[in-house]
Amino acid sequence: MTTIRRRLTLWYTVALGVTVVAFGTLLYLERRASSVRELDQRLLLEADLAERWLSESYNVLGKIVTTGDARPALDPGISAYLEAVRDYLIVVDTSGQVLALSDVARELGGGDLQRLTREFDSLRVKKQSGSVDLGPPTGTVRYLAVRVDRAGPEVGGVLVSTSLTQVAFGPAALLRSMLLIAPVILAGAAVVGYWLAGTSLRPVEGIMDEVEAISDGRSLHRRLAVPISGDEMARLALTVNGMLARLEKSFDSLHRFTADASHEMKTPLMVLRAGVERALVHPGVPAEILQSLDETLAQINQMSEMVENLLTLARADEGRAPLAVEECDLRDIIGDVAETAGILGESAGIAVTSNIPGSPLPMAVDRHRIREMLLNLVTNAIKYTPQGGTVSLGLSQEDGSVVFAVADTGIGIAPGDLPHIFDRFWRADPARSRTGDRPGTGLGLSITKWIAEAHGGSITVQSRPGRGSVFTVRLPRGAGQRGSGAAGAVEEISTTV
């Protein structure tokens with residue numbers, strides 16, 4: 001999963017990488033321009049020196065160009081001074097013919113010399129500079145062409161040039177430097193960015209942990225710690241606290257309404273049930289009315305059960321449903337439930353079996369609530385198991401916990417319904433509706449889950465449609481209870497009805 005911390009680190013690294021590239025490019029351009037300016041100043045110095053040397057030599061000698069061998073050339077004594085120039089130096093006459101070359105310029109090919117001297121053809125001002133690509137191996141050169149007017153009619157100008165490979169911090173050097181330094185910078189930036197993102201988001205993680213702990217519905221009284229920084233995190237904590245306060249108020253109002261309504265409905269329902277029961281035993285009631293009274297009594301009993309369940313859950317939500325914990329042998333509870341299940345199964349044509357340990361299994365529990373939890377599970381199992389099926393109850397110990405198991409061979413539960421079966425009023429399908437062949441309030445499993453969790457345990461379910469379901473309740477035993485009564489052999493007591 002991509003987290004905000006990782007995204008912030010990625011974008012921080014990308015932004016820093018772009019910054020490094022932009023900085024390197026600007027540094028390269030500035031350094032290159034500075035180096036080119038230094039080259040231009042050096043070329044200007046060499047060109048001025050050559051121009052003054054030619055002008056002064058002409059003023060002293062009167063003639064500095066010889067025409068021996070039918071080719072004009074600069075006087076050897078004068079050209080010897082110019083040969084020592086470290087860059088490419090070319091002296092040409094007014095027609096563009098080469099009069100003298102420096103020692104370095106003599107290494108250039110004829111084509112390169114022609115391309116350089118061709119720059120005099122476009123010379124319209126006293127001095128002109130530029131760049132010319134001579135190709136390999138020389139590459140691009142920077143030149144300065146100067147027109148010479150005071151060295152006699154034969155001398156036309158001086159051109160001084162040098163290769164741009166001498167420019168400090170060229171493209172190749174920059175690329176090598178960036179390839180060596182940039183990964184180190186980016187790796188360091190990623191580490192620092194990840195740490196900074198984690199530090200910045202740590203308050204958010206704290207808020208998330210607190211909200212997750214509060215979101216169980218029973219801790220709405222808790223509030224987030226508001227940072228003293230007064231920044232966005234403080235505003236977020238204040239906003240969440242305000243939301244929690246409103247939710248707590250709404251939940252309290254709902255719980256009070258549910259509890260009050262359930263409590264107020266108990267008395268009218270009791271009066272109705274008493275009146276119907278008296279009517280049923282009255283000798284003067286016609287037979288056709290008795291059937292309606294029977295149906296009315298069944299609905300009243302169902303309504304009374306739902307009201308009692310609602311009242312139980314409302315008290316549990318408010319923390320006003322304490323457990324009457326006492327030490328008892330769990331075998332007695334499950335034996336009592338198995339006996340009741342046998343009676344219910346007999347009328348439905350369902351075989352009920354039980355697997356109970358042979359040795360005592362004492363544990364401090366609320367006997368009434370545990371019996372209610374098991375009866376809810378057994379009643380559901382019988383309700384959704386067709387005639388001829390089997391329902392089994394089991395009691396065992398595993399890893400320091402007591403395990404109750406209720407299995408059936410009924411219609412099963414669809415995988416999509418399993419996450420919701422412990423929700424209040426949840427009905428998986430029309431076959432489980434309150435008006436169908438298997439009526440119910442949809443609160444039994446919610447109460448069963450609450451009883452298990454109130455004892456510090458948990459309840460799980462495994463089911464396959466058409467194959468049946470297995471509900472498993474695990475209750476942890478106290479440190480003083482572990483091992484007591486657990487060493488005895490487990491014998492199977494099966495009762496088939």
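The values are calculated or read from the model by the stated rules, or taken from the named source; none is laboratory data. Everything quoted here is computed from the prediction, not taken from an experiment. With ideal geometry, Cβ positions are generated from the backbone for all residues, glycine too; neighbour counts draw on all protein chains shown. These accessible areas exclude ligands, DNA and RNA; they are computed on the full protein's heavy atoms, side chains included. Shrake-Rupley method; radii C 1.70, N 1.55, O 1.52, S 1.80 Å.
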Tail fraction, Cα-Cα pairs, the stretch 2-41, threshold 14 Å, whole percent: 62
Alpha-carbon gyration tensor eigenvalues x 5, square-rooted, for the stretch 34-170, Å: 25, 16, 14
Accessible area in the full protein assembly, largest first, 1.4 Å probe, for Val20, Val365: Val20, Val365
Length added when fully stretched, Val211-Thr94, from 0.36 nm per residue minus Cα-Cα: 33.0 nm
Theoretical gain in end-to-end length, Met270 to Val325 [0.36 nm per residue, Cα-Cα removed]: 16.9 nm
Sites matching GluC sites (Glu not before Pro) across the stretch 32-76 that sit in DSSP coil, with at most 11 neighbouring C-beta atoms within 10 Å: none
Relative contact order (percent, whole number), the stretch 13-160, Cα cutoff 8 Å, 6+ residue spacing: 25
Fraction of accessible area attributable to carbon and sulfur, the stretch 40-189 (%, probe 1.4 Å): 57
Loop trypsin sites (Lys or Arg not before Pro), the stretch 93-150 (other Cβ atoms within 10 Å of the site Cβ: 14 or fewer; DSSP): Arg124, Lys126, Arg150
Vicinal HN-Hα couplings computed from phi for the stretch 124-133 (Karplus, 6.51 cos²θ - 1.76 cosθ + 1.60; Hz; Gly/Pro x): 10, 10, 4, 9, 9, 10, x, 10, 9, 8
Value of Rg to Rh for the stretch 320-387 (Rh from inverse mean 1/r over Cα pairs, i.e. Kirkwood): 1.03
Around Tyr194: net Lys/Arg minus Asp/Glu count, Cβ-Cβ under 12 Å: +3
Asp336 accessible area, 1.4 Å probe, all protein chains in place, Å² to nearest 10: 60
Bins of 10 Å, starting at 0 and running to the largest distance - Cα pair percent for the stretch 1-111: 12, 28, 19, 11, 10, 9, 7, 4, 1
With all protein chains modelled, accessible area of Asp87 [1.4 Å, Å²]: 10
Spin-label pair Asn59/Arg37, simplified geometry with 7 Å Cα→Cβ offset, distance in nm: 3.3
Surface accessible to a 1.4 Å probe, per residue, for the residues of the stretch 46-88, Å²: 58
